[in-house]
Structures are given as structure tokens and as C-alpha cells.
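This report concerns only the one structure given below.
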């Protein structure tokens, strides 16, 4: 046995240098008396052990358009996010793979006055790509870039709670209109990289920021090239980082299998098994915070009756949708928009699993024998939304509910259908905290409260929990809110979708972040060549 | 020669009117699309305030006709305006955005034309020479098969055969070219799209060449040539071809125009940064100035290539060149 252990130890070292394959390693581990699962874990640990510097990492992304710009206020998606924030910029804080928030450009942060005032202390000696020191004033202007009446920023609504911010030596002091214990999470948003100040305004045009890579070239809709920032405050492994926008999924897959790129996001789920068989290709799959929902306007009939809402929630066969439309790459929802990995998440009981009899009984409670409702859908909501709606129609029919599926045009879906039609398919990227998600789409004053759901007790709890600093009390409050939302709210949460990506086995990585796709959009600084 | 000059001027005049009408139609068509630039860019994250701020900055708060007149006044002075993607301190001139893309499109079209035009005219001549033989049938069949498949299908087949580890991994599946890429690098990167497009357009030109030649071969003067003992290939190249140029040139011109304006699918499959992809992006984002400029370039391409075809048709036909 000890011989096997010795062999395994050697293999562990070799795995660290990428000289032993996962399969060989697991076989050795099993011979030494470990289970296959333990062997897998040991391999993963060993293979990640020794990141090393070098190489040009090439990334193929499904997003990217000629209208993209370097302005962080309007970063629309993973292309600009990964380039302009993950690779070339930093926010005050960042999310780690465990789903916790960590200091990034800030070295530490402290709340005071019931989390109404937050003091962020800047990391010392951090410089911009042009060599200038990062000052507290730069942070203030970078935040002001998103605030004020003329702002076009996607981060405007999340920063609306800031009533005052000022620089004080190495500190930045945020004053909020009400306490928010989760404010450090908001400071990790990808729209808020810190930019240098030129003439009193944030200079985003030059692309100079603080991140692990310096922008060399950016062609909107085509790609970008970056080189390592040698002065970055942390280790960065790749020498250079290139991004290519490849909107066509077949072209993206071909680019990976033929070795043109090392990583692609948003794999084609239908052909995933074929890609898996290609030599030297690995698939990574992360259940993120993103979820597919069907918000109903609870202010109009028949959705204004909570029994109708419950009937519809029990009439959807989520598992069938996950299995048939998404080939199992997701987790069926339970009408709770807070992903299971998020702090304070609960699984509301009783679970809303598919139960036509229960659905029928709730219909009866609403005084109805049958129900006919329109459901608007389009693949613009999320890829697969039309198929999901048709499966829903089938499962609802068994409960005496006639879903009239209306296929809307993809073009202008978010303008003309979402929040306009009483019931439609929608998508949320998800937020890293319960408070952030709820105040984005469930609070009575939220701009995107797409179910128009206004529950007094829920909103009371939301405000109270936000400023509560006692973790135990917060957990209780968030549990109650999630239960209320699931029982009473107007959102059918279909499922949490997985981020399915593929990469060449020439690159290695640690645990993957779930807050955004592409390893939390921070792949450039977190991966390395094995 | 005067007749030709007159036709050129006349056509150019009509072309200008066509361009004006095209720009008007495109402008109105985009107005009728749901949503505007701000909504398209902000997507789900749009709120009324951010949309209003956006519209104000890019001037979309002005009435549509004023925007159109401003635009057309600019174009008449050679200024295609700025993209809506511009921001304060970050001007994106439409002309500057379009120039590298137009160059890429022209490069790919030119490269394809250099392969496809001689190939199809040559094959057409051979098919006419050996008409109704096995050779004729074979190349007809192959080219008809290749034109019958949608171009993306041919493109994917080409990738599987030539750019994946499955068969041969010798050509790049990504045709992404840099502005500073050298000529050979460009040609190498563009090889798969060029092959794909060649397969798509060869059939049309080849069959037209063959038909035009065979048509002429029925004329009495060809019979005369045959009687005097000219060899079959001499008859075709020296006697039949000069009288068959007009229809061939027309078809070649149409196909060249297609190479410039109709290759958006091929651009997508090979991720080639050409004008087609730019126009699709711009339409999706309702970036009107860019859409308008692309439409003008595409329309002008058609007008000019058709004009060239007509002029060549006249120049190669003495009866039209010297009318009584």
C-alpha cells in the first residue's frame, strides 16, 4: 500500500505541473484505497496547486457588438464586463468563489451608524496603468459618473441610495439614505470600476484603469487585446489576454476545438456531449444566480387572486423544462428568486413541485373550474423560452388551465412585452445578495418590479433587514420574506440556469465564481496555463 | 464613345436619386421598428430616466424629419455623422468606423472574385466545348449542388473538413483579421470564407457562360468558322466568346455585388469583421447613422457594378457601340 501512496504523492506533484491526466490520477488514487470522488477532489487540488506565469490566453465570447464602448455606465454584457472591468479594472470590492465579498481596491471597509455610513479605506500604493496613484477623489468621481440626473448608467438605480460621498485622506465615506448591511456587495458591481480623474471627470475614454491587464487595443464588436500590468497588487499569471467576439455558437465551438481560442462561454447545450468527446476539451458548469422567471401582473385579473397565482405555480413541470429544454443544465426553481448558494437563502415549504391536483384545488378556491390565460414568450427573454412555454402549456392542461402561448417578436421584447403584457417570460441575471435581488425586482418602489407586487409586510421586512446588523435576526427576516414571496408573489421562478463553458485543458483554474459567467468575469486574473 | 458617356452620366444621375430614395426608405423603416437606440443598448435595465438622458445626449429628442434633414445635409457635404455609440469625449465617426470594415469586405470579395470569376468562366467555356459529355454533366451537377445548399451549411461543412481536428486542421476557422495583419496572414485567414463563397457563386456564372456560348454557337457565322476548318476551342474563344460577353458580364457583376452586400451569413460563421456584420449590429442597436451609411454603400455598390456591366456590354458589342 505504501508504494501506492508514494506513487500517488509523485502523481500529485506531476499533476501540479499538468503532467498527469485526471483519469490516470483517479485510478492511482483508487488503487491506493481512496474512493473515486476523493481521487477527483485530490486531483483538482493538486492540479491547481502551482499556478505559473506565462502565455497568451485567448477567450471566445458570445457577446460583443459594434456599439460597445469603454464607458462602464453602459457595459451591456460579458464582453465589455470581462474586458473593461474583470481584466482592466477593479471595483472597491469583489466577490470570491464562495459567494462572499472581499476587499479589492479598498483594503478594508467599516460600517457605522446602523450601516448608514460606510468608510472604505483604499489599498496603499495601487496605481493606474499610467503610473498615477489611485486617490480617494478618483473613487468619488468614478461613483459620481453613475449618479445624478443626466446619468445613463445601468448602475444608477443601485447607487440611488447614496446621499453623499466624500474623500477623506485615504478613505471614501459613503452616506446612505437608510442603513444597508450589504453595501460592500453593491460596491462589487461590474459597472463601477475605478477610473482616473481628468479635469474633474472620470476618464473612461482612455481605458486606463487599475486592473491586472492594460488595454492595448479594443475594436468594438470584434475583439480586444490586453497585456499584463506588472504593477498590479496581486499575482497575474497570463502574459497577455485576448478576447474575440464570436456570436455564432457553432463558430465559437469550432474556434475552441481547432485551438484558435482557449475558452468559450455559452456552449451549445444540444451538442455539448460531442464537444466533451473532443480531445483536450473540458467543460465547466456553474449554477449561478441567474434565473428564468414568468412575472404576472398581480394588479390585473385573473392574477390579482393569490389562489390563481398558486394554481399556476403548481401547474408548471419545472423538472421537465430543465430536462427537456436545457438538457439538465440547470436547477428547477421553487418560486424563490434567491439562489440556494446565496447567504440567507431558504427553500420555501411546501415546495411548489408539479401537482395538477393541487393546482386544480387552488383554482376551485378561486371559484374557477377552468382558466384560460395568455402567456407571452420569445427567445429574447432567454434562449429556450418558447419551448419552455409550450411545455408549461402541456403540464398546465392537466390541471384544467388553458395556457394560450403567444410568440412575441424578439426585437424590442424588453420594451414592448416585458412589464407591458400581463404575463410573460423573463430573465434575471441574479444578484449576490437577497437584499439586492429583492430591492431590484420585488420592492414596491423598484423600477423593475415586474409583477407590480406590493406586499406591505414584505416591504417592511426588506427595509428592516437591510439595516439590521445582527446576522441571526437578518437570517430570520430574509427567510420570512422568501416564504412570503414564494406564497404570495407574482413570479413563477422556473429554474436557475447553469453557466456552461468549455476550455482547453492547457489552462487551469481554481474554484469558479457563481456571481457572473466567465468565472465572475474575472477569468483573466484567476486562470493560468497548466 | 459619346453614347457611352451619355449613358454613364444618365445612370449616375439616376443612381443619386436611387440612393436618396434608399436612404429615405431605410430611415422610415428603422423609425417603424420597436424601440430606439437607448432601449436597445440598455435592454432589460432601461428605466424611463436613463432612456430620456440617453436620447437627449444623442439628439433623439428632436423630431424625426429634423434628424433626417440634418443627416442628409451632412452627407451632401461628405460628413456621414457620428454613431449613436459616441459619448462625450468619445466621438465615433461613421466614416472611420466603416472604413476598416469596408476594406475587409472588399478584400474578401476581391479575393473570392479572383478565384471565382476565372474559374467559372473557364469552366463555362469548357462545359460549352464539351457540352453534353460526362464532364459537362459532372461540373454542372457539382456546381448546382453547391449553389443549392444554404451558404452557412457549406461554411460549416468546410469548417468540419478543413478546420477541425476531426479531419484536417489546416485552415483557420476564425477569419478574424487585424488591421495590421500582413497580406499573407490575411489571405490565410480569409481562405475558408473565400472557398465557401466561391462554391456559392460559381454555378451561376459558369452556367450563364455556358448558355451564352452555346446560344451563339447556333449562329450562321459559327457554322462558317467550322466550315473553314477552325478548331472547336478556337471557335469558342475567338468567335463565340466576343459575342457572348454581355450576358456573362452582367451575371459576373451581379455576383460581385452579392459578394459585397450579401455575405453577412458567411461573415457571422467565420467571425469576419466585414460590413454585413456591422450593419446587423447597427440595426439591432438602432444605430441609425451607421445603418444609413451601410445602406448607401451597399446601394452604391449595386448601382456602380450594374453600370459597369452595362457599359462593358455596350463596349463589347459594336452594334450598340456604333448605332446607325
### Query
With labels modelled as points extended 7 Å from the Cα through the Cβ direction, what inter-label distance (nm, one decimal) is found for residue B:166 paired with residue A:230?
4.5
### Query
Name the residues of the range B:44-64 whose amide N is less than 14 Å from a point 7 angstrom out from the Cα of residue B:88 along the C-beta direction?
B:53-59
### Query
Counting only other chains, what is the mean number of Cβ atoms within 10 angstrom of the Cβ of each residue in peptide A:67-80?
4
### Summary
Output ordering of A:95-104, A:490-499 (per-residue mean of other Cβ within 10 Å, highest first) is A:490-499, A:95-104
## Note on the structure
Output field shielding_mean for B:169-175 (other chain Cβ, 10 Å radius) holds 5
### Query
At what distance in nm do the modelled label points of residue A:351 and residue B:57 sit from each other, each positioned 7 Å from its Cα along Cα→Cβ?
4.6
### Query
Cα axis of helix B:2-32 to longest principal axis of chain B: angle in degrees, 0 to 90, nearest 10?
40
### Query
With a ≥ b ≥ c the root eigenvalues of the C-alpha gyration tensor of chain B, is it rounded (a/c under 1.5), prolate (a/b larger than b/c) or oblate?
oblate
### Summary
Between the modelled labels at residue A:404 and residue B:49 (7 Å from Cα along Cα→Cβ) the distance in nm is 3.8
### the range B:109-155: equivalent-ellipsoid semi-axes (sqrt of 5 x gyration tensor eigenvalues, Cα, Å)
21, 16, 5
### Query
Expressed in nm to one decimal, what extension gain is obtained for the pair residue B:133 and residue B:311 from 0.36 nm per residue of sequence separation less their Cα-Cα distance?
60.6 nm
### Summary
By the C-alpha gyration tensor axes a ≥ b ≥ c (rounded if a/c is under 1.5, else prolate when a/b exceeds b/c, else oblate), the shape of the range A:289-427 is rounded
### Query
Order of B:279, A:425 from fewest to most other C-beta atoms within 10 Å?
B:279, A:425
### Summary
For chain A, averaging the sequence separation of alpha carbon pairs under 8 Å that lie six or more residues apart and dividing by its residue count, the contact order in percent is 20
### Query
So what is the calculated 222 nm ellipticity per residue for chain A, using -39500 (n - 2.57) for each DSSP H run with n of 4 or more, over all residues, to the nearest 500 deg cm²/dmol?
-8500 deg cm²/dmol
### Query
Which order do A:164, B:178 fall in if you start with the one that has the fewest other Cβ atoms within 10 Å?
A:164, B:178
### Message
Test of understanding: ordering B:322, A:262, A:509 by Cβ neighbours within 10 Å, fewest first, what list do you get?
### Response
B:322, A:509, A:262
#### Entry: Hydrodynamic radius by Kirkwood, which averages 1/r over all alpha carbon pairs of chain A, in angstrom
24.7
### Message
Could you tell me the calculated FRET efficiency between residue B:18 and residue A:301, based on Cβ-Cβ distance and R0 = 41 angstrom, to the nearest 0.05?
### Response
0.15
### Query
Considering only DSSP beta bridges whose two residues both sit in the protein assembly as shown, what percent are antiparallel, to the nearest 5?
80
### Task
Go ahead and run the numbers for FRET between residue B:95 and residue B:6, Cβ-Cβ distance against an R0 of 35 Å, rounding to 0.05.
0.65
### Residue-averaged [θ]222 nm for chain B, counting only DSSP H segments that reach four residues, each worth -39500 (n - 2.57)
-24500 deg cm²/dmol
### Query
Considering every residue in A:252-263, what mean count of other chain Cβ atoms within 10 Å of its Cβ is obtained?
5
## Note on the structure
Nearest-0.05 FRET efficiency for residue B:69 and residue A:324 at R0 = 60 Å, using Cβ-Cβ distance, is 0.65
### Summary
Here the percent of antiparallel bridges among DSSP beta bridges lying wholly in the range A:89-190, to the nearest 5, is 100
### Whether the range A:393-523 is rounded, prolate or oblate, judged on the alpha carbon gyration tensor where a/c under 1.5 counts as rounded
oblate
### Summary
If one compares the long axis through the Cα atoms of helix B:94-129 with the longest principal axis of the Cα atoms of chain B, the angle in degrees, nearest 10, works out at 20
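Bear in mind these aren't lab numbers, they're just calculated from the coordinates by the rules spelled out. Quantities reported herein were computed from a predicted structural model and do not represent experimental measurements. Note: ideal-geometry Cβ built from the backbone for every residue, glycine included; neighbour counts use all protein chains shown.
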